[in-house]
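S.K.: Below is one structure. I have some questions about it.
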C-alpha cells in the first residue's frame, strides 16, 4: 500500500511541476493575479515542488543536496526562459525559488529525523524500494 501512495505522490508531483511550468510561462496579461507578494508566490511554489521532489527522490542517498541542485537549476532555467513569452527574468525571483526549495529540504529532513527518533523504520529520506 505504501508503494501505491508513493507512486501517487510522484504522479501528483509531476502534474504539479508541469502546471507550475505552464503558469510561469503564460504571457504577462494572462497571469492570474495574487493579492500577495510575487516573491512569496515563488517561495511557496518552490516549497511545494521541493516537497514533491524530495518525496520522489527519497530512496536515494544525498536526497537533500540533489533536490537543492535540481531546484536551483530548474529555477534558473525557468527564469531564463520567461523572456521568451514577454515576462521578466529576475534574480530576486530565483532567490525566492531557492529559498522555498531550501525550506522544503529542511522540513523533510526534520520529518525524517523525527521518524527515525520515534522508531519508525521507514523515514522519507531512507531507502525505499519502488
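FYI, it's all coordinate maths here, none of it is from the lab. Bear in mind the structure is a predicted one, so any value in this text is a computation, not a measurement. Neighbour counts run over all protein chains shown; Cβ positions are idealised from the backbone, glycine included.
S.K.: Set the Förster radius R0 to 30 Å, insert the Cβ-Cβ distance between residue 40 and residue 115 as r into 1/(1 + (r/R0)^6), and round the FRET efficiency to 0.05. Intermediate results must be reported in sequence, preceding the final value.
M.R.: On the way: r = 29 Å, r/R0 = 0.97.
For R0 = 30 Å, the calculated efficiency reads 0.55.
S.K.: For a quick check, take a GNM of the chain with Cα springs below 10 Å and name the residue from 41, 106, 85 with the largest mean-square fluctuation.
M.R.: Residue with maximal mean-square fluctuation among 41, 106, 85: 85.
S.K.: For the range 1-77, just the Cα set please: Rg and Dmax, both in angstrom.
M.R.: Spelled out, the Cα radius of gyration and Dmax of the range 1-77 are 14.0, 44 Å.
S.K.: Another one. Could you state the angle between the C-alpha long axis of helix 63-81 and the longest principal axis of the C-alpha atoms of the chain, as a value from 0 to 90 degrees rounded to the nearest 10?
M.R.: Helix 63-81 sits roughly 10 degrees off the main axis of the chain.
S.K.: Using Cα atoms only, what is the angle between the long axis of helix 38-56 and the major principal axis of the chain, expressed in degrees (0 to 90) to the nearest 10?
M.R.: On a 0 to 90 degree scale, this one is about 30.
S.K.: Provide the descending list of Cα extents for the chain along its principal axes, expressed in whole angstroms.
M.R.: Computed over the chain, the largest-to-smallest principal extents equal 50, 26, 25 Å.
S.K.: Moving to a separate point now. For the range 2-117, what is the relative contact order in percent, using Cα pairs closer than 8 Å and at least 6 residues apart in sequence?
M.R.: On the way: 113 pairs, mean separation 41.1, N = 116.
About 35 percent, as a whole number.
S.K.: Follow-up. Please give the FRET efficiency for residue 23 paired with residue 61, using the beta carbon to beta carbon distance and R0 = 30 Å, rounded to the nearest 0.05.
M.R.: Numbers: r = 32 Å, r/R0 = 1.08.
Here the calculated transfer efficiency is 0.40.
S.K.: Give the angle, between 0 and 90 degrees and rounded to the nearest 10, that separates the Cα long axis of helix 2-24 from the longest principal axis of the Cα atoms of the chain.
M.R.: 10 degrees
S.K.: Looking at the square roots a ≥ b ≥ c of the eigenvalues of the Cα gyration tensor of the range 1-40, which shape do they give, rounded for a/c under 1.5, prolate if a/b is larger than b/c, or oblate? Display every interim value, and only then the final one.
M.R.: Details: a/c = 4.73, a/b = 2.46, b/c = 1.93.
Here the range 1-40 falls in the prolate category.
S.K.: Another question, then. Please work out how much length the chain gains when fully extended from residue 72 to residue 89, using 0.36 nm per residue of separation minus the C-alpha to C-alpha distance, in nm with one decimal.
M.R.: Numbers: separation 17, 0.36 × 17 = 6.12 nm, distance 1.44 nm.
Gain on extension, residue 72 to residue 89, equals 4.7 nm.
S.K.: Taking the Cα atoms of the range 50-99, what is the range of coordinates along each of the three principal axes, in descending order and whole Å?
M.R.: If we take the Cα atoms of the range 50-99, the spans are 39, 17, 13 Å.
S.K.: Follow-up. Top mean-square fluctuation among 114, 55, 63, Gaussian network model of the chain, C-alpha springs under 10 Å?
M.R.: 114
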